[in-house]
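K.L.:
Below you will find the structure I want to go over with you.
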Amino acid sequence: MNYKMFFWSCLLTIVSISFGYAQKEPTPAIRKALDEADAHFEKNKYMQAYKTYMSYQNYLSPKQHFNLGDIIYYNKLYKNSDKTNPKAAEKHLVIAAEDGSIEAITLLAEIYSSLLELPNFSKAIYWFEKIIEKGNAAYIPLAKVYFNDVLRDKDKTCKIDKETAYEKGFYYLEKAASKTNKDSYEYKEAIEFLGDIYRWGSYEKEKDYQKAIGYYSRLLFDEENSLAFDEHIRNEIIETAEEQDTPEGYAIALEWAKRSINGIVLEQKAGQLWSYILEKAKEAYAQENYIHAREFYEILSGQGDKEAKNKLAEMHTNRKGLRDNEAPSPRFLKIAADQGNLKAILLLIEAIEKDPSLLRAYKNIFYWYRKAYDLGETSIALPLGKMYYEGDSDNSPAPSKAFLCFKKEFQERHTPETMLYLGVMFYKGIGIGQNKEEAIKYLTQGAEAGEIQAMLNLGYHYRDIQPKEARKWLTQAAQIGNIEATFMLAQLLEGIDYREAKSWYEKMAVQGNTSAMLSLAELYKKSHYEYPSSKVKGKKIHRDNKQVLFWIQKALDAGSSQAKVELGKAYMNGTFLKKNVNLGLNMIKEASDVGNPEADYIIGVRMNEHIYNPIDYQAYNYIKASCDNGYQKACDYINEKLGSNVKPKLKEDPYDVIRKIY
């Protein structure tokens, strides 16, 4: 049944029991008698008032009907009577209420909502709603009527199902919580009532301890509360939290016990909770329920308990109490690590390597590697050796310590990377006396084990003294895909096997390597024999300008600034292209604008040689930039020709000046 139908059926019920009230006009004598009765009522002379009111019932005003109903209801004719007489008073109270008397309306609402008086669900709702219409607070008693199953079941004249009644009751409670003054008793009662509903799961609401605590805690932020009220609510919160019988609930209970409210902390209760939580943690751990044990220990850890922190450190180190795919907490690993737990140190290293941002809070990873190694963990000799070798922002390189770590790693595991490091250190005399024979031994072992950098280093070593051996190692590295080795191999083969050199360059060029494209262009610029260093040189292959231009253009299309330089030089010098100085200069300028060091060198040198002697300031800047970017010719030029003799800055644009020369 919807609410409107319910309301109107209730109203019809009320009308059906109308008492047919119609006030007669009193004579002067009756009016005088009634006035005297009113005076008696005000003076608590209820017997005199009662007799007069009863004698002239048809002449009573609504107010006088209320007075008569009040005398009858409370049995004021009898001293010390605690009985009420709602049935006899009802007629008079209804007349007064229908006239708008708030006192009569309130009393009728209470009478109809009481199971001990004249219980009537529909009439109770009707009169409580009248109270609200008049702007008075009645949300909570109205809600209680809707929640009263017995009252509703007794009413045979007006039907409403339980679910709808509960919904309406909850609606009016929330109205009381949101519409009434926060300092009012009704507001506080509504909030506590809502908390109770969720705490106990009443009126078909599911138990929700968090919501219950949320409602209760709202009351503790009211500065107008009495101390007793605050303590009552605090106890409600603590008891509700404990009733959850979960780690989360006990955490909330402990927090509220330790919280200062009006300067009071429940030290004894907090102590009891603390002991109980610790007991629950130990019990869960003993039963191998590590998830629960962890949750209980975390409560105490959050309160600064050292025993709990140490236990959590142990659990995280041994991966006990962790959920699926959960990593151990670095915070707890560090506690165990600081105590010298090797397993925790290794797990902390693993965590930091996965998330470098942890370095700010958990010390330099170098520190933990050293600590683990000092505790006998030699499996980390290789990464620790690399740290000693390279150093970091906090530690200078320590090559002698690096050598000892690499030596240990080699002795225990023979890892190829360790062979590489030992080979390089012996070769260059880093951390140990230089010994190239020993170096080649380690590098060869590493290369044979598949270490590409070892192959590359052997290629460097043998390139000028044993090209055949260099070719062997560089070919292996190139076949694995190492670009540096492939370039070195192709360069080596230019003097041994022209066609194979070209083949390696082409393999890289096909993969989009612009340096290989330009190397092919250089290869086609010259005439070659197939086997330049052999007694049988084979067929002579002549210069091919079309191929030169083809590969330079390919590199240019791929975005190579060096290709622009090569084309620019070709146009400026008229080699394999028609000479066009301006076009060539523009191309070199474009390459310079994107930081190409050779382009900077060309511009600087031409400015210096054709405009000023000694060097112009702008020309020097170009050559210096080229040197700073690794172009050796520029560095040599500065050292040999320029020194520090630099003239002031040119006023003209350098490109315009160079164009004038040509």
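K.L.:
Being open to solvent by 20 Å² or more (accessible area, probe 1.4 Å), at pLDDT 85 or above and under 18 Å from M572 (Cβ atoms) narrows it down to one residue among D636, D656, D593; which is it?
P.N.:
D593
K.L.:
Which members of the stretch 164-189 meet the condition of being of a type in the set (A, V, I, L, M) and within 20 Å of E206 (Cβ to Cβ)?
P.N.:
The answer is A165, L173, A177.
K.L.:
Which condition number does F366 fail, the rest of (1) in contact with a Pro (Cβ under 9 Å, 6 or more places away or on another chain); (2) within 30 Å of M425 (Cβ to Cβ); (3) aromatic (F, W, Y) being met?
P.N.:
(1)
K.L.:
Shifting gears a bit: Pairs under 8 Å by beta carbon, first residue without any contact (Cβ under 8 Å) to a residue 60 or more places away in the chain and outside any loop (DSSP other than H, G, I, E, B) in the stretch 500-517, partner open to solvent by 40 Å² or more (accessible area, probe 1.4 Å) and of a type in the set (D, E), six or more apart or different chains?
P.N.:
Here the result reads A501/E494; A516/E506, each pair linking the stretch 500-517 to a residue that is open to solvent by 40 Å² or more (accessible area, probe 1.4 Å) and of a type in the set (D, E).
So that you can scan it fast, the table gives a plain yes or no per residue for (1) open to solvent by less than 30 Å² (accessible area, probe 1.4 Å); (2) in a helix (DSSP H, G or I); (3) farther than 27 Å from P399 by Cβ:
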residue: S275; (1), (2), (3): no, yes, yes
residue: K282; (1), (2), (3): no, yes, yes
residue: E314; (1), (2), (3): no, yes, yes
residue: E326; (1), (2), (3): no, no, yes
residue: K363; (1), (2), (3): no, no, no
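K.L.:
Out of G340, G385, which single residue is out of contact with any helix residue (DSSP H, G or I) (no Cβ under 7 Å at 6 or more places or on another chain), modelled with pLDDT of 90 or more and not aromatic (F, W, Y)?
P.N.:
Details: G385 fails: out of contact with any helix residue (DSSP H, G or I) (no Cβ under 7 Å at 6 or more places or on another chain).
The match here is G340.
K.L.:
Whether any residue in the stretch 284-292 is over 30 Å from E236 (Cβ atoms), small (G, A, S), assigned to a loop (DSSP other than H, G, I, E, B) and open to solvent by 40 Å² or more (accessible area, probe 1.4 Å) is what I want to check.
P.N.:
Taking the stretch 284-292 first, the residues over 30 Å from E236 (Cβ atoms) are 285-288, 290.
Cutting the leftovers down to small (G, A, S) gives us 286.
Then keep just the ones that are assigned to a loop (DSSP other than H, G, I, E, B); that gives none.
No - not one qualifying residue is present in the stretch 284-292.
K.L.:
Let me ask another. Which of the helices (runs of 4 or more DSSP H) found entirely inside the stretch 49-155 contain at least 1 residues meeting this: buried (at least 24 other Cβ atoms within 10 Å of the Cβ) and of a type outside the set (D, E, K, R)?
P.N.:
Details: elements: 62-73, 86-98, 102-113, 121-133, 139-147, 149-154.
Of the helices (runs of 4 or more DSSP H) lying wholly inside the stretch 49-155, those with at least 1 residues that are buried (at least 24 other Cβ atoms within 10 Å of the Cβ) and of a type outside the set (D, E, K, R) span 62-73, 86-98, 102-113, 121-133, 139-147.
K.L.:
Still on this model: Would you say N545 is farther than 19 Å from A485 by Cα and at pLDDT 85 or above?
P.N.:
So N545 fits the description; yes.
K.L.:
Take Y285 and tell me if it is among the aromatic types (F, W, Y) and closer than 30 Å to D196 by Cβ.
P.N.:
No: the conditions fail for Y285.
K.L.:
Still on this structure, I have one more. Mind listing whichever residues of the stretch 557-585 are under 50 Å from the mean Cα position of the chain (by Cα), part of a loop (DSSP other than H, G, I, E, B) and surrounded by 17 or more Cβ atoms within 10 Å (Cβ to Cβ)?
P.N.:
Selection gives S560 alone.
K.L.:
Hey, another quick one. If you check E448 against the conditions, is it more than 22 Å from G495 (Cα to Cα), surrounded by fewer than 19 Cβ atoms within 10 Å (Cβ to Cβ) and charged (D, E, K, R)?
P.N.:
For E448, the condition - more than 22 Å from G495 (Cα to Cα), surrounded by fewer than 19 Cβ atoms within 10 Å (Cβ to Cβ) and charged (D, E, K, R) - is met.
Yes/no per residue for (1) aliphatic (A, V, I, L, M); (2) closer than 29 Å to P28 by Cβ:
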{"site": "S61", "(1), (2)": "no, yes"}
{"site": "F66", "(1), (2)": "no, yes"}
{"site": "L77", "(1), (2)": "yes, yes"}
{"site": "S81", "(1), (2)": "no, no"}
{"site": "N85", "(1), (2)": "no, no"}
{"site": "A88", "(1), (2)": "yes, no"}
{"site": "A104", "(1), (2)": "yes, yes"}
{"site": "E110", "(1), (2)": "no, no"}
{"site": "S113", "(1), (2)": "no, no"}
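K.L.:
Restricting to the stretch 177-208, and then to whatever is in a loop (DSSP other than H, G, I, E, B), on the phi < 0 side of the Ramachandran plot and not charged (D, E, K, R), can you tell me which residue is most open to solvent (accessible area, probe 1.4 Å)?
P.N.:
Out of the qualifying residues, it is N181.
K.L.:
Among residues belonging to the stretch 59-79 that are charged (D, E, K, R) and farther than 10 Å from H92 by Cα, point out the one that is modelled with the highest pLDDT.
P.N.:
K76
K.L.:
I'd like the full set of residues that are open to solvent by 40 Å² or more (accessible area, probe 1.4 Å), among the polar types (S, T, N, Q) and not in a helix (DSSP H, G or I), limited to the stretch 328-358.
P.N.:
Q339, N341
K.L.:
Confirm whether W256 is aromatic (F, W, Y), over 30 Å from D149 (Cβ atoms) and either under 30 Å from the mean Cα position of the chain (by Cα) or open to solvent by 20 Å² or more (accessible area, probe 1.4 Å) (or both).
P.N.:
yes
K.L.:
Do we find that Y373 is touching an Asp or Glu at 6+ places or on another chain (Cβ under 9 Å), within 30 Å of Q445 (Cα to Cα) and open to solvent by 50 Å² or more (accessible area, probe 1.4 Å) in this structure?
P.N.:
Against the criterion (touching an Asp or Glu at 6+ places or on another chain (Cβ under 9 Å), within 30 Å of Q445 (Cα to Cα) and open to solvent by 50 Å² or more (accessible area, probe 1.4 Å)), Y373 does not qualify.
K.L.:
Further question: Looking at (1) within 24 Å of K546 (Cα to Cα); (2) at pLDDT below 90, can you tell me which one A558 breaks?
P.N.:
(2)
K.L.:
For the stretch 163-176, does any single residue satisfy the condition of being open to solvent by 70 Å² or more (accessible area, probe 1.4 Å) and under 19 Å from I102 (Cα atoms)?
P.N.:
No, because not a single residue in the stretch 163-176 is open to solvent by 70 Å² or more (accessible area, probe 1.4 Å) and under 19 Å from I102 (Cα atoms).
K.L.:
Ok, one more. May I ask you to list pairs of residues, at least six apart or on different chains, whose Cβ atoms are under 6 Å apart, with the first in the stretch 357-372 being at pLDDT 80 or above and the second being open to solvent by 70 Å² or more (accessible area, probe 1.4 Å)?
P.N.:
Pairs found: N364/D394.
The values are calculated or read from the model by the stated rules, or taken from the named source; none is laboratory data. What you are looking at is a predicted structure, and each value in this text was computed from that prediction instead of being measured. FYI the Cβ positions are ideal-geometry reconstructions off the backbone, even for glycines, and counts take in every protein chain you see. Note: areas computed on protein heavy atoms with side chains; ligands, DNA, RNA excluded. Shrake-Rupley method; radii C 1.70, N 1.55, O 1.52, S 1.80 Å.
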